[in-house]
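The values are calculated or read from the model by the stated rules, or taken from the named source; none is laboratory data. This is a predicted model, so every value here is computed, not measured. When we count neighbours, we look across all protein chains shown, and the Cβ atoms used for this are built from the backbone with ideal geometry, even at glycine. Surface areas here come from the heavy atoms of the whole protein model, side chains and all, with no ligands, DNA or RNA. Shrake-Rupley method; radii C 1.70, N 1.55, O 1.52, S 1.80 Å.
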Amino acid sequence: MAGSTEGTTPRTTATGPTASAAREPVTARLRTRLRRARRTLRRTGVDYFRGAAPDWLAFALFLAAVPVLVVLNIWIPAWVPPTSLVLPVLAGSLLLRPGTLVLLYAAAAVGLSTESLIHTGERVASENPDTYVYGVTPGAALVVGAVGVAGLLLAQFRSRVGVPWRGGGTMLFDLRERLRVQSQLPRLPEGWSADMALRPAGGQSFSGDFVVAARTGPGGRMLEVVLADVSGKGMDAGSRALLLSGAFGGLLGSLPAHDFLPAANGYLLRQEWEEGFATAVHLVLDLDTGQYELLSAGHLPGMQRSGGTGRWEVKESEEGPLLGIYDGAKFEGLCGRLDRGDVLLLCTDGMVEIPGRDLGEGMDRLMGEADRLVVKGFRGAAGRLIETVAKDVNDDRAVLLVWRQ
């Protein structure tokens, strides 16, 4: 019967929806209602923290906290000082719109004035006014006012740049996750493996280094990977890396391999950034034969380890110009082959640049450390290389390993 599943009784007058609902256990109905309530609450919470919901509820909670703190200050002033009004003021600066925030500040000012008047009256009415130590001091008022001004500036800045008043952190988290997802490597066929790791400078969340990769060609037999290093570091480089990674990911596979870097160069020139150059290396690997080609745009050369001899070889092609410098740049490629047991290593300059030393010394050290990982296997080796070679380097670092088993 259509609409029924195997093993269930067909619906009749005695076994229809009404009778089924009547026989449904109370606990099952409660679970259903709880699940619906949880879904509604989660949807409301997502809208709230992304700035798509009104802030009246948060304003009402913070506004109610002001008289509570005033009463507690009058009742137990030793435990609740006048500066406790900083709490709703600070929380409001993080969650409320600027206009609503001003109303909260007005309520806090009224509460602070009320505390001052009541404590002044108690001091005058006391038998020994000189020993009365409670009240609103100029310093306490200055602290509350300073926090309020800083919070208002923060709220106005978020409103001016268009970031939701509660969604700034969520937006940055989404951007970081998007960059991480775009840097994931595709699944490779049997006999091939790859590993990649990125580490931003100074322990930050955003990196100017990024990787885009895709299986291209008939049947996905070609692996194309681009390892890029955007000028600068930190948030500024991270935002440009996010934009470039999306653009490079769209170009990868939609153009012939030799047209990718010229197209990326043209895209970068059209952005007209003041500090808009980048280096990149484009790997085009045939997963059937192991033949590959490296095309470089001012990037470090690749490094290949032969499984037969156990020796490393620097794969240095004719270094092309940096991306984003001038139009009409030409990029020459270097061909090679990965046999069984061979490893190809690509990295950014943060892995090999050592102040006061030649670049070749850094590359020799990197290859030496990579050679020690052969015994343990190269799976997870990219992260281990960063930790052993460039853990404390204040620069963005990226490592890509591709090996044939």
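A few points about this structure:
- Elements of type strands (runs of 3 or more DSSP E) contained in the range 299-348, each with 2 or more residues being surrounded by 19 or more Cβ atoms within 10 Å (Cβ to Cβ) and of a type in the set (A, V, I, L, M, F, W, C): 343-347
- The condition of being at pLDDT 80 or above, of a type in the set (A, V, I, L, M) and surrounded by 14 or more Cβ atoms within 10 Å (Cβ to Cβ) holds for only one of LEU154, LEU175, that being LEU154.
- Extreme residue, farthest from GLY92 (Cα to Cα), among residues of the range 111-148 that are of a type in the set (A, V, I, L, M), at pLDDT 90 or above and loosely packed, with under 13 Cβ neighbours inside 10 Å: LEU117
- Residue that is modelled with the lowest pLDDT, among those in the range 252-264 that are open to solvent by 40 Å² or more (accessible area, probe 1.4 Å) and assigned to a helix (DSSP H, G or I): HIS258
- Pairing residues of the range 315-337 that are in contact (Cβ under 8 Å) with a residue 40 or more places away in the chain with residues that are outside any loop (DSSP other than H, G, I, E, B) and open to solvent by 60 Å² or more (accessible area, probe 1.4 Å), at Cβ distances under 6 Å and at least 6 apart in sequence or on separate chains, gives ARG337/GLN291.
- Filter result for ASP392 (over 18 Å from ARG311 (Cβ atoms), in a loop (DSSP other than H, G, I, E, B) and not β-branched (Val, Ile, Thr)): yes
- Close pairs (6 angstrom Cβ cut-off, 6 or more residues apart or separate chains): of a type in the set (Ser, Thr, Tyr) in the range 242-254, open to solvent by 40 Å² or more (accessible area, probe 1.4 Å) anywhere: SER245/GLN182
- Tally, over the range 267-281, of residues that are out of contact with any strand residue (DSSP E or B) (no Cβ under 8 Å at 6 or more places or on another chain) and open to solvent by less than 60 Å² (accessible area, probe 1.4 Å): 4
- Test for ALA37: is it at pLDDT below 65 and open to solvent by less than 90 Å² (accessible area, probe 1.4 Å): no
- The residue that is farthest from ARG337 (Cα to Cα), counting only those in the range 282-298 that are open to solvent by 10 Å² or more (accessible area, probe 1.4 Å) and not in a strand (DSSP E or B), is GLY298.
- Of the residues making up the range 199-248, just one is in a strand (DSSP E or B), open to solvent by 30 Å² or more (accessible area, probe 1.4 Å) and among the aliphatic types (A, V, I, L, M), namely MET222.
- Filtered residue count, the range 350-367, keeping only those that are open to solvent by less than 50 Å² (accessible area, probe 1.4 Å), closer than 18 Å to GLU316 by Cβ and either assigned to a helix (DSSP H, G or I) or without any contact (Cβ under 8 Å) to a residue 12 or more places away in the chain (or both): 6
- Residue list for the range 368-389, restricted to those being among the β-branched types (Val, Ile, Thr) and either surrounded by 19 or more Cβ atoms within 10 Å (Cβ to Cβ) or in a helix (DSSP H, G or I) (or both): ILE386, THR388, VAL389
- The set of residues in the range 324-343 being within 16 Å of ARG305 (Cβ to Cβ) and in contact with an Asp or Glu (Cβ under 6 Å, 6 or more places away or on another chain) is empty.
- Among residues of the range 98-118 that are over 14 Å from ALA140 (Cβ atoms), those with a beta-carbon under 8 Å from a residue that is polar (S, T, N, Q) and open to solvent by 40 Å² or more (accessible area, probe 1.4 Å) at least six positions away or on a different chain give the pairs PRO98/GLN156; PRO98/SER159.
- Within the range 382-405, residues that are touching a residue at least 12 places away in the same chain (Cβ under 8 Å) and under 17 Å from MET363 (Cβ atoms) sit with their Cβ atoms under 7 Å from residues that are open to solvent by 20 Å² or more (accessible area, probe 1.4 Å) and among the basic types (Lys, Arg), at 6+ positions apart or across chains, in these pairs: ILE386/ARG199; VAL389/ARG365; ASP395/LYS233; ARG397/ARG199.
- Residues of the range 81-103 satisfying the condition of being open to solvent by less than 20 Å² (accessible area, probe 1.4 Å) and over 18 Å from PHE157 (Cα atoms): PRO82, SER84, LEU85, PRO88
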